[in-house]
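Presented below is the structure to which this report refers.
Taken together, the values in this text are just the output of simple stated rules run on the coordinates, not laboratory data. Since this is a predicted model, take the numbers as computed values, not measurements. Glycine also receives a Cβ, built like all others from the backbone with ideal geometry; neighbour counts cover every protein chain displayed.
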Amino acid sequence: MNTKIVMTSSAILLAGIGILFSFLPNEVMEYLNIESNTITVLFLNLLSALYLGFGLLNWMAKRTLIGGIYNKPIAIGNLMHFGVGAIALVKVAFNIQTHSEIIISLTVIYMIFTILFLYVFRNNPTKIEK
């Protein structure tokens, strides 16, 4: 499997969410009907830093061999993020009344990335000749 596509697409997704939370925290909270105060803005900014950092990590690792014993921390970190995120989203997706389209979409995306990173983690990489 060519992990460059998986790493690039996950990097773009994570960086996109990070940029959204970094530059538009008040707008995100207003759209989601969350009370805007200093603490919630701080939490969104900290969450933004996490998403941007993980996105940058994936972007910088996209050309390396990932899988098996190669770059195992990157593979397991991504698997943990997307796996735990998918479980949390599935739990919320069945009970949410408003903005269900966002939660369901994120749930599907997170489940897909969980499966992809599980595959990457469990299999040895193959180097693609140019």
Exercise for the section: Quick one: count up the residues across the stretch 54-86 that are part of a helix (DSSP H, G or I) and surrounded by fewer than 14 Cβ atoms within 10 Å (Cβ to Cβ). Expected result: 5
Problem - Per-region count, the stretch 30-53, residues outside any loop (DSSP other than H, G, I, E, B) and either in contact with a His (Cβ under 6 Å, 6 or more places away or on another chain) or of a type in the set (Asp, Glu) (or both) - result: 1
Handout entry: Among (1) touching a residue at least 40 places away in the same chain (Cβ under 8 Å); (2) within 23 Å of residue 122 (Cα to Cα); (3) surrounded by 13 or more Cβ atoms within 10 Å (Cβ to Cβ), the one test that residue 15 misses
Key = (2)
Exercise for the section: Sort out which residues of the stretch 18-29 are in a helix (DSSP H, G or I), surrounded by fewer than 19 Cβ atoms within 10 Å (Cβ to Cβ) and either touching a Ser or Thr at 6+ places or on another chain (Cβ under 9 Å) or of a type in the set (A, V, I, L, M) (or both), and write them in order of number. Expected result: 19, 20, 22, 23, 26, 28, 29
Fill in the blank from the handout: In the set 34, 39, 5, the lone residue that is within 25 Å of residue 120 (Cβ to Cβ) and out of contact with any Gly (no Cβ under 7 Å at 6 or more places or on another chain) is 5
Practice task
Kindly indicate whether any position in the stretch 2-12 is in contact (Cβ under 8 Å) with a residue 24 or more places away in the chain, under 17 Å from the mean Cα position of the chain (by Cα) and exposed (fewer than 14 other Cβ atoms within 10 Å of the Cβ).
Solution key: yes
Practice task
Assess whether residue 124 counts as being without any contact (Cβ under 8 Å) to a residue 60 or more places away in the chain, farther than 19 Å from residue 9 by Cβ and of a type in the set (S, T, N, Q).
Solution key: yes
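Could we say that residue 44 is touching a Gly at 6+ places or on another chain (Cβ under 9 Å), surrounded by 14 or more Cβ atoms within 10 Å (Cβ to Cβ) and free of Cβ contacts under 8 Å to residues at least 24 places away in the same chain here?
no
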Completion exercise
Of (1) in contact with a helix residue (DSSP H, G or I) (Cβ under 8 Å, 6 or more places away or on another chain); (2) of a type in the set (Phe, Trp, Tyr); (3) more than 18 Å from residue 109 (Cα to Cα), residue 82 satisfies every one except (3)
